1. Going through region 184-235, which GluC sites (Glu not before Pro) have at most 14 other Cβ atoms within 10 Å and a DSSP loop state?
2. Pop out the ³J(HN,Hα) list for region 94-102 in order, Karplus 6.51 cos²θ - 1.76 cosθ + 1.60 with θ = phi - 60°, rounded to Hz; leave Gly and Pro as x.
3. A164's amide H: which non-local residues (gap 5+, or another chain) put their own amide H closer than 5 Å, with H modeled 1.01 Å from N in plane and none for Pro or chain starts?
4. Using +1 at the Cβ of each Lys and Arg and -1 at the Cβ of each Asp and Glu in the chain, identify which of L176, A48, P197 lies farthest towards the dipole's positive end.
5. Is there a quick way to get the dipole size of the chain? I mean about its Cα centre, with the Cβ of Lys and Arg at +1 and of Asp and Glu at -1; what is the value in debye to the nearest 20?
6. Of F137, F101, F145, which is the most mobile in a GNM of the chain whose springs link Cα atoms less than 10 angstrom apart?
7. Please find, in a Gaussian network model of the chain (springs between Cα atoms separated by less than 10 Å), the residue of S193, S123, S105 whose mean-square fluctuation is greatest.
8. Build a GNM of the chain with springs between Cα atoms under 10 Å: which of D25, D111, D40 gets the top mean-square fluctuation?
Amino acid sequence: MPEFGLQWRSFLVPKMGHAPDECEDASAGDPDAGRFAVADGASESYAAGDWARLLVEAFVTTGPAGDWLKDPREAWQQQAAGSAVSWYAEDKFARGGHATFLGVSVQPADDGFGWEAVAVGDSCLLHLSEGHGVTSFPLTRSTEFNGAPTLVNSRGGNPAWKTAHGTLRPGETLLLATDALAQHLLESAEAGSFAGPSLLGLEEDDDFAMWVAMAREAGQLRNDDVALGVIELVG
């Protein structure tokens, strides 16, 4: 079997009418370490975008070993402390930042690359394979998105992690998507016109931003921050 390696690319698009630095979704990946992640900061919580970025960076740097949430929680506390300047902001700060999270570890295996995923909430991993179509984790149907996902809290607590595993073979792709995009992709698959392949040829940020704008204009993608990560085997 030829030798293959992992290739990663990712994209972020903010809500319509918002600047790029206002995007509260985040993504990170390290093909050499085989770790990748996306997170969706809950807008109603405090410093949600910062919390989402700290989560994905911590997972990619250290992996899900031990109490890996300890360092990003301490970093969020240090970054956010002192920035709340009103009683309302102080109350939100006390409640903490919240985010959905999806992390994927991919390592060589006998028949390809084995992947393991951990998730809280409705950011999804979609596995695209020629023989089996599309499988999704942790949500599997577009009707499961309810706008009230489980979240990881920057203040503490042990989130209810969901886990899954599988094998990535040559010619297959893993897509990591936050909720709005994941829901659109599952809706398109259920309708028999899966939109995933149209994402695979995108290389530039502007190309993905145009794809998102067209999907929003067509009423297929709701106006929300969007994060996409693409993992492929290349040889």
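Bear in mind these aren't lab numbers, they're just calculated from the coordinates by the rules spelled out. If you're wondering where the values come from, they're calculated on a predicted model, not measured in any experiment. Positions of Cβ are backbone-derived with ideal geometry, glycine not excepted, and every protein chain shown enters the neighbour counts.
1. Values: sites: E187, E190, E203, E204, E217, E232; in loops: E203, E204.
Qualifying residues, ordered by number: E203, E204.
2. Using θ = phi - 60°, the values come out as 5, 6, x, x, 9, 7, 7, 8, 9 Hz.
3. Amide H neighbours of A164: A117.
4. The listed residue farthest towards the positive side: A48.
5. On the way: 14 positive and 35 negative charges, 133 e Å.
Value, rounded to 20: 640 debye.
6. Top of the fluctuation ranking is F145.
7. Between S193, S123, S105, it is S193 that shows the largest mean-square fluctuation.
8. Maximum among the listed residues: D111.
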